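A quick write-up on the structure given underneath.
The values are calculated or read from the model by the stated rules, or taken from the named source; none is laboratory data. Computed from a prediction, not measured in an experiment: that's the story for all the values here. As a convention, Cβ positions derive from the backbone with ideal geometry for all residues, glycine included, and neighbour counts pool all protein chains shown. Heads up: the accessible areas ignore ligands, DNA and RNA and are worked out on the full protein's heavy atoms, side chains in. Shrake-Rupley method; radii C 1.70, N 1.55, O 1.52, S 1.80 Å.
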Amino acid sequence: MEGIDATDRNIIISNATPPSILTIILDTNPIAWSALSPTLPLTKALSSLLVFINAHLAINHANQVCVIASHTDRSTWLYPTPKPTKGHRHSSTNKSNGVSKPTAEEDANKYRPFLAIEQQVLSNLRALIDDTDPDTLEEGESTQIAGALTIALTYINQQTLQASPSGPDSNYIRVAEQPPPSTSTTAGQSQTSSLVSRILVLSVSSDLSSQYISVMNAIFASQRLQIPIDVLKLAGDTVFLQQASDATGGIYLAPETEALKGGAGLLQYLMMGYLPDVTSRRWLVMPGDQEVDFRAACFCHRDVVDLGFVCSVCLSSTFLRSQGLTR
């Protein structure tokens, strides 16, 4: 039949903007947020973050978002909420004196997708804070950023596979690898790109040297998958997130504390610096060009070192003392 009407059905061309999936890792370290609260309370930061998420979803109806909490003792989902166990049902009304009061789920003045994200993020974060063991806060000010990055990469890979065409002849092209429009495509090749993925980390913690190996493995995986890691450093100082942003082609910003006062500055940084996706950034001059600290952590004490020795076999690094080499 193809020879009769002379129609070539092997080439599929789509000029539509590919959907974008935004994975947000929110550092929920209570100690760090308590120190930052005089300038930027957590409630103000959440309000700005929700506005930023709504703007991302409003750009394209096919855009997706997920929010992961990087806590002191674990990494957990804020959105989407994991499926409840059997026998657990969510009630949409609150009863007081025998009268059912409507919750925010019945608010007709809010766009339903925006409302669902707001409810799930706030409720899951509240449950996370309530379940925090005070003993874990005394162990240190670190956060489980390595686990959050692993969850984010797993979720992105799952969504990409679901959005990509299935079958042995399927061939999807990432945006960074797409040929120019004038390039001719071979038979059976599709020009429809998969999800455009990126990770945004909102960090307030400082000490991440104990997770050096896990964080670097996540960086290499993101680099291999061409997933940029954007970092907005609200407080503290860590070299590994800056290396992650540089290695994956992301944006690293560390605004001054006074610029974040009240929460309005945070929203401006989010909207102007991190709202464009990978496809839009090719046509824009993005911020964040600065010197990168490429120091590493020693494998013996997990300390960030300026000078040390590297094993030629396993590439492990050990730091240098005045007395000699410490293994």
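In segment 189-219, the qualifying residues are those that are modelled with pLDDT of 90 or more and not β-branched (V, I, T), and the one that is nearest to the chain's Cα centre (by Cα) is L200. Of all residues in segment 16-45, those that are buried (at least 17 other Cβ atoms within 10 Å of the Cβ) and hydroxyl-bearing (S, T, Y) total 4. For segment 70-84, taking the residues that are under 15 Å from D133 (Cβ atoms) and open to solvent by less than 30 Å² (accessible area, probe 1.4 Å), the one that is modelled with the lowest pLDDT is identified as T72.
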